[in-house]
Amino acid sequence: MPQPEIPITRIAMWSGPRNISTAMMRSWGNRPDTVVVDEPFYAFYLKETGTRHPGAEEVIARGETDWRKIVEQCRRNASSARPIFYQKQMTHHLLPEVSRDWLRDVTNCFLIRDPAEVIASYVKKNPEAELNDLGFVQQAEIFDFVRSQAGSVPPVIDADDVLRDPERMLRLLCKAIGVEFSDAMLSWPPGPRDTDGIWAKYWYAEVERSSGFQPYGERKIELPEHLREIEQHCRHCYEQLYQQRLH
């Protein structure tokens, strides 16, 4: 007789750039019951926008660029043997032409970070930061869609809260999405992973050296004048989600 299909929990964790999203992927990927996927819409995003990122041509050549096929990958079972499918998703990769209907088929969570910290980190890689590059507007839009469809507030976690107390926040997150917490989420072996995107060589050096979430450290950030208007736009979106965060 055929074996009954294992129920799958599909987690789409929506983050902007320069957050702890890769460390969070490491955390989930270290669970024996979880398979992870790294930024499945990245190649599509680069091809459609022409955004100049390190290794963009290689990412496009090796990745899937048809958003409909990507959506089907996110909807289906990633592994018949593992009951959790964790998707590291970037909010700005979900361009307006991509249907949002599939979001009803996954458990959507939101990883936020203070805009000043995001922008200060982002401009080290790309000095010409624009509002849409930072993902806050898109994150608020996805959050509003998910909340309206579900009729409830989806889980939101703030990066600073996670770094201050990883175990507490991960326990809260697991409880909110109905999966059992695992101690395996608190640390992982350093080094690269087969599940990392091919762009890891440009972006993941710090996380590859890590064996857990970095300790929280408060920083005083002074953004230059020309970035303050962008920061205020981002902060408006951030505050909406911050008020809903798990804590």
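Worth a mention:
- Under the span-like rule (Cα at least 18 Å along the axis, Kyte-Doolittle mean at least -0.5), DSSP H helices of the chain: 136-150
- Entry note, the range 86-214: relative contact order of 23 percent, from Cα contacts under 8 Å with a spacing of 6+ residues.
- Percent of C-alpha pairs per 10 Å bin, the range 14-118, short to long: 13, 44, 37, 6, 0
- Simple Cβ-charge dipole of the range 120-247, Lys/Arg +1 and Asp/Glu -1, about Cα centre, in debye nearest 20: 280 debye
- Those lysines that a straight Cα-Cα span of less than 22 Å connects to Lys125, excepting residues fewer than 8 apart in one chain: Lys47, Lys88, Lys201, Lys220
- Charge sum, other residues only, whose C-beta stays under 15 Å from Leu170's C-beta, Lys/Arg counted +1 and Asp/Glu -1: -1
- Zone residues, the range 170-190, relative to Arg164, backbone N less than 16 Å from point 7 Å out along Cα-to-Cβ: 170-173
- Rg ratio (alpha-carbon, reference 2.2 N^0.38 Å) - the range 139-198: 1.40
- Largest mean-square fluctuation among Arg26, Arg235, Arg62, in a Gaussian network model of the chain whose springs join Cα atoms under 10 Å apart, belongs to Arg62.
- Cα convex hull, the chain: 136 Å³ per residue, rounded to a whole number.
- Taking the Cα centre of the range 14-128 as origin and assigning +1 to Lys and Arg Cβ atoms and -1 to Asp and Glu Cβ atoms, the resulting dipole is close to 260 debye.
- Spacing of the modelled spin labels on Glu206 and Ala176, each 7 Å from Cα toward Cβ, amounts to 2.3 nm.
- Annotation for Asp105 and Tyr242: the two label points, set 7 Å from Cα along the Cα-Cβ direction, are 3.6 nm apart.
- For the range 201-220 versus the range 77-126, the spacing of their alpha-carbon centroids is 19 Å.
- Length added when fully stretched, Arg75-His226, from 0.36 nm per residue minus Cα-Cα: 50.3 nm
- Equivalent ellipsoid dimensions for the range 137-247 as semi-axes, Å, which come from the Cα gyration tensor, largest first: 26, 23, 16
- Sites Val153 and Arg219 - FRET efficiency at Förster radius 30 Å, r taken between beta-carbons, to 0.05: 0.55
- When only the Cβ of Lys, Arg, Asp and Glu is charged (+1, +1, -1, -1), the dipole of the chain relative to its Cα centre reaches about 480 debye.
- When the charge dipole of the chain is built from unit charges on Cβ atoms (+1 for Lys and Arg, -1 for Asp and Glu) and taken about the Cα centre, the candidate among Gly217, Trp67, Cys109 whose Cα reaches farthest toward its positive end is Cys109.
Bear in mind these aren't lab numbers, they're just calculated from the coordinates by the rules spelled out. Everything quoted here is computed from the prediction, not taken from an experiment. Cβ atoms come from the backbone with ideal geometry, glycine included; neighbour counts cover every protein chain shown.
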